[in-house]
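The values are calculated or read from the model by the stated rules, or taken from the named source; none is laboratory data. Only a predicted model underlies this, so the values are computations on that prediction, with no experimental measurement involved. A quick note on method: Cβ atoms are made from the backbone with ideal geometry, for glycine too, and the neighbour counts reach across all protein chains shown.
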Amino acid sequence: PCFPPDWTSFKVHYRYRETVYHITVTQTRGAKAGTTITVDGLEQDDLGIPLADDRNEHSVTVNIVQGS
């Protein structure tokens, strides 16, 4: 999905069964385009967010760098 280029970030609080994921998405400009995703501080090589119904809260960061 795309979001307006003037947005620098937004947050989503996503509930998966009894588990809450706090997702922060940031968008910046840089020399090299790319996306990284971390879940509870661990980078996800497959760019996915593994969902687990463990009744804990999880922190997710999605960094999107738009090439200039």
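Laid out as a table, the results:
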| item | result |
| --- | --- |
| Every pair of residues 6+ apart whose Cβ atoms lie under 8 Å, when the first sits in the stretch 42-68 and is over 21 Å from Glu18 (Cβ atoms) while the second is modelled with pLDDT under 95 and in a loop (DSSP other than H, G, I, E, B) | Val65/Lys32; Val65/Ala33; Gln66/Pro5; Gln66/Ala33; Gly67/Ala31; Gly67/Lys32; Gly67/Ala33; Ser68/Ala31 |
| Residue list for the stretch 4-24, filter: within 29 Å of Asp54 (Cβ to Cβ) and hydrophobic (A, V, I, L, M, F, W, C) | Phe10, Val12, Val20, Ile23 |
